[in-house]
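Worksheet for the structure shown next.
Every read-out reported here was derived from the displayed coordinates using simple, explicitly stated rules and does not represent laboratory data. Remember, predicted model here, so these are calculated numbers, not experimental data. So basically every Cβ, Gly included, is an ideal-geometry build from the backbone, and we count neighbours across all protein chains shown.
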Amino acid sequence: MSHATRRDTLNALLLWCRQHGAEMPDQFCSLDARDQCGVLTEQALAAETTVLVVPRRCWYTRRDAEQSPLVQRFLAAGGAFQTLHGALALGLLQEQAKPDSFWSPYWAALPPAAAVSPLPANAALDLRLAGSLCGQALAGRRAEVAADYGALQAVLGADLPFDLAAFTEAYATCAARAFAVDELDGEAVPALVPLLDLYNHRRQPNLGSFSRAGAAIVLKTAHAVDTATELCVSYGAGSDLHCYINYGFVDENDFAGQARLALSLPRDQTHFAHKETLMQGTVDWEMMVSSHDFEAVAANLAIARWIVFAEPRGNLKSVDADEERAALRLVHNAAAQSLAAIAGGCDDDDALMTRRILLSEQRTLQRLQQFCDAAGALLEGAPAAVGGNADGSVVHHWLGLWRADLTFDLIP
């Protein structure tokens, strides 16, 4: 879609919405070099100013999708969607195939899913994400969508006119743009809401949460906003990984990384059989670590303590300093292995968000290594050598929680 065409379709969408009762005063849409849309103010706005009203007739919800022929046949035959947006995606495909669809101006204004979502098949992207937690999570999401499509095939057979690629594309569109909206009976359902999905995300937005006012969605400013300021909403407090998989972006202003660690109990360890029994047969762990979550760090350390104990025992906190240092080294080395496994080849501008998610994952692992080094330094009686930047403050926080959790004495 060319820049001019994208602008034309957005203008046509705005006109169509206004014809059906929508309001979007004192704002304009701006397109960047990659045709990503932002909504800016034409003039200064006071707090609690209404910036958007979208009537119910303009939305396309899961309930609308459930009235479509193929979804009804699937559900009537006992089929069940396992993913959140499976029904919405199938309904969307049917509506987009109609030349006289009521929502045609909206469908025309939607960007290709591959331009904003990592979900559609992309060999080059998969190569960049090889070895990362993000790559693993993306493969898992694609498998879930494929399972829904397989269930549709099993029920509808040759009457299903869409292939897996088309279904995945539609699902990606729904995952990236759907909001949970309350119907009049109080049930929250996923919905595609024209105009509302043009507002970009910020963790500290200048727009409040949208609300339902009768038969319309209403959006207001959270505080006063200056002229020519981008208006943003919050999509929720998800991690960088959540935002990338679902929405195709990483918020560079608020680091919330996640990464993967692999820990194993060595088969040649003296007490392997006894420890295996105590661990109920589990001797290999693939665990998550989060940049803002000490519990995720502590969970990895707890497993590391099990692995390095000279003698197996039931109390995970019953350790000495040597064992704690060994556990820290084990976690540090596991982080190094995860770092080495990430391919991370992103050279072109189109890979900006992919580069950000990989950097987020790498920073999380590096932060974990920094924590292990600082904790080890405490055990040696040295001050924790961490910087005073944002990363360092989180490490200090982790250290405080970690020290409070130990039962043996540390040098104050």
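General remarks:
- Antiparallel content of DSSP bridges confined to the chain, in %, to 5: 95
- Under the Debye formula (equal points on every Cα, no solvent term), log10 I(q)/I(0) of the stretch 3-247 at q = 0.11, 0.17 Å⁻¹: -0.61, -1.40
- Rg over Rh for the chain works out to 1.04, both radii taken from alpha-carbon positions and Rh defined as the Kirkwood radius.
- Note on Ala321 and Ala262: the extension gain reaches 18.9 nm, defined as 0.36 nm multiplied by sequence separation minus the Cα-Cα distance.
- Magnitude of the charge dipole, the stretch 14-85, Cβ model with Lys/Arg +1 and Asp/Glu -1, debye to 20: 480
- Positive-pole candidate from Gln337, Ala375, Gly238, dipole of the chain, charges at beta carbon: Gly238
- Here the relative contact order of the chain, from alpha carbon pairs under 8 Å that lie six or more residues apart, stands at 17 percent.
- Amide H contacts under 5 Å for Val51, placed H, 5+ residues apart: Leu219, Lys220, Thr221
- Placing +1 on the Cβ of every Lys and Arg and -1 on the Cβ of every Asp and Glu, with nothing else charged, gives the chain a dipole about its Cα centre of roughly 340 debye.
- Calculated [θ] (222 nm, deg cm²/dmol) that DSSP helices of n ≥ 4 give over the chain, each run adding -39,500 (n - 2.57): -14500 deg cm²/dmol
- Taking 0.36 nm per residue of separation and subtracting the current Cα-Cα distance, fully stretching the chain between Asp159 and Ala147 would add 2.5 nm.
- Positive-end ranking of Ala143, Ser264, Gly91 along the dipole of the chain, with charges on Cβ about the Cα centre, is headed by Gly91.
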